[in-house]
Amino acid sequence: MISWLRNRRRRKLLELPFPEGWERHLRRNVHHYQELSREDQAKLRDDLRIFIDDKFWETVDGLELTDEMKVTIAAQACLLTLRMDDHDYFRGVRTVILYPNPFLNRHRGHGPGGIVSEGGINSGQAWFRGPVILSWAQALAGGRDMTDGRNVVLHEFAHALDMADGLVNGTPPLSGGEQSARWFEVMTDEYQRLIEASRRGEPTLLDKYGATNVGEFFAVATECFFERGLWMRHLHPRLYEVLREYYQQDPAARGVGQRV
């Protein structure tokens, strides 16, 4: 009954016109939106409306919540699940909390299988069975910048996908044994490769923060996949392929702003 009511509410929401001004926020703040086909753009517009409606939105430190904030963040989060048939709009994330800038967290949070959040200055956190917390300044900068390979919204919502099966182990729910076997082999090899390169002080395409643990590696690899797809396909073809299979997207084929 609850599921039927939820789906009915979603259908009614999508029958309404797309809110005035939201398209402008997408084109100005979400560079990925420009790279999508018209069909994918329409799907993303629908998905972000449902995402916004489904979540509780909170701000702290005097930040005034605006539609621009919700649209910018929801669009980036929904980019991850754009081609997935069985997703449910990050159902495990009930609340999105926005700080105006990077914020201080004095606590370390742990979830089954790994660390969910670190203490210190953060631009984002994803809490196990809890909220996603973001710096609005970093979320906006990441949405607009197509060159640095970093995106805090993609990173934190990749953690949310990882945690969907109740574990924080760098492995989101997969479709079966064959995909799981490929995932484990490639991810393990690439994670160790990043650790070794970091220890030797070598330059790496992937952010070296991904060498922290397997959960962070998946989140960092996700950022790189969407932000620097052509580079990843060129330098880490096996990693690119398992992520392409999982996300059912091919950012390298879109190519805009990602020339090798």
Worksheet item: Has the stretch 236-256 got any residue that is modelled with pLDDT under 95, aliphatic (A, V, I, L, M), closer than 26 Å to Asp40 by Cα and not in a helix (DSSP H, G or I)?
Response: yes
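Within the bounds of the stretch 130-142, is there any residue that is closer than 30 Å to Asp67 by Cβ and either at pLDDT below 95 or more than 16 Å from the chain's Cα centre (by Cα) (or both)? Working first, answer last.
Here is the first cut: in the stretch 130-142, the residues closer than 30 Å to Asp67 by Cβ are 130-142.
Subsequent filtering for residues that are either at pLDDT below 95 or more than 16 Å from the chain's Cα centre (by Cα) (or both) retains 130, 137.
Yes, because at least one residue in the stretch 130-142 is closer than 30 Å to Asp67 by Cβ and either at pLDDT below 95 or more than 16 Å from the chain's Cα centre (by Cα) (or both).
Has the stretch 149-161 got at least one residue that is free of Cβ contacts under 8 Å to residues at least 24 places away in the same chain and either at negative phi or not basic (Lys, Arg) (or both)?
The answer is no; no qualifying residue exists.
I'd like to verify a number: residues in the stretch 1-26 that are assigned to a helix (DSSP H, G or I) and either surrounded by 12 or more Cβ atoms within 10 Å (Cβ to Cβ) or among the hydrophobic types (A, V, I, L, M, F, W, C) (or both), how many?
Taking the stretch 1-26 first, the residues assigned to a helix (DSSP H, G or I) are 2-15, 22-26.
Narrowing the set further to residues that are either surrounded by 12 or more Cβ atoms within 10 Å (Cβ to Cβ) or among the hydrophobic types (A, V, I, L, M, F, W, C) (or both) leaves 2, 4-6, 9-10, 13-14, 22-23, 25-26.
Within the stretch 1-26, residues that are assigned to a helix (DSSP H, G or I) and either surrounded by 12 or more Cβ atoms within 10 Å (Cβ to Cβ) or among the hydrophobic types (A, V, I, L, M, F, W, C) (or both) number 12.
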Worksheet item: Out of Ser198, Ser180, which single residue is closer than 25 Å to Thr147 by Cβ and among the polar types (S, T, N, Q)?
Response: Ser198
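If you take the residues in the stretch 27-42 that are in contact with a helix residue (DSSP H, G or I) (Cβ under 8 Å, 6 or more places away or on another chain) and more than 17 Å from Pro251 (Cβ to Cβ), which one is surrounded by the most Cβ atoms within 10 Å (Cβ to Cβ)?
Keep residues of the stretch 27-42 that are in contact with a helix residue (DSSP H, G or I) (Cβ under 8 Å, 6 or more places away or on another chain), which gives 27-36, 41.
Of the ones still in play, those that are also more than 17 Å from Pro251 (Cβ to Cβ) are 27-29.
Working: Arg27: 12, Arg28: 14, Asn29: 21.
Among residues in the stretch 27-42 that are in contact with a helix residue (DSSP H, G or I) (Cβ under 8 Å, 6 or more places away or on another chain) and more than 17 Å from Pro251 (Cβ to Cβ), the one surrounded by the most Cβ atoms within 10 Å (Cβ to Cβ) is Asn29.
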Worksheet item: Which residues, taken from the stretch 168-200, are among the charged types (D, E, K, R), surrounded by 12 or more Cβ atoms within 10 Å (Cβ to Cβ) and farther than 17 Å from Phe217 by Cβ?
Response: none
Practice prompt. Name the one entry in Gly215, Gly210 that is crowded, with 21+ Cβ neighbours inside 10 Å and either aliphatic (A, V, I, L, M) or farther than 23 Å from Leu82 by Cα (or both).
Written response: Gly210
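So which of Thr66, Thr59, Thr72 ends up being within 15 Å of the chain's Cα centre (by Cα) and polar (S, T, N, Q)? Full working, then the answer.
Numbers: Thr66 fails: within 15 Å of the chain's Cα centre (by Cα); Thr59 fails: within 15 Å of the chain's Cα centre (by Cα).
Unique residue meeting the criteria: Thr72.
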Worksheet item: What helices (runs of 4 or more DSSP H), lying completely within the stretch 113-213, carry at least 1 residues that are among the hydrophobic types (A, V, I, L, M, F, W, C) and within 18 Å of Tyr89 (Cα to Cα)?
Response: 152-162
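Kindly indicate whether Glu64 is part of a loop (DSSP other than H, G, I, E, B), modelled with pLDDT under 95 and not small (Gly, Ala, Ser). Break it down into steps so the answer makes sense when it comes.
Numbers: part of a loop (DSSP other than H, G, I, E, B): yes; modelled with pLDDT under 95: no; not small (Gly, Ala, Ser): yes.
No.
Look through Arg38, Arg49, Arg24 and report the one residue that is of a type in the set (Lys, Arg) and over 20 Å from Met69 (Cα atoms). It would help to see each step written out before you state the result.
Values: Arg49 fails: over 20 Å from Met69 (Cα atoms); Arg24 fails: over 20 Å from Met69 (Cα atoms).
Step by step, each of Arg38, Arg49, Arg24 is checked, and only Arg38 is of a type in the set (Lys, Arg) and over 20 Å from Met69 (Cα atoms).
The values are calculated or read from the model by the stated rules, or taken from the named source; none is laboratory data. None of these values were measured; they are calculated from a predicted model. Cβ: placed from backbone, ideal geometry, glycine included. Neighbour counts: every protein chain shown.
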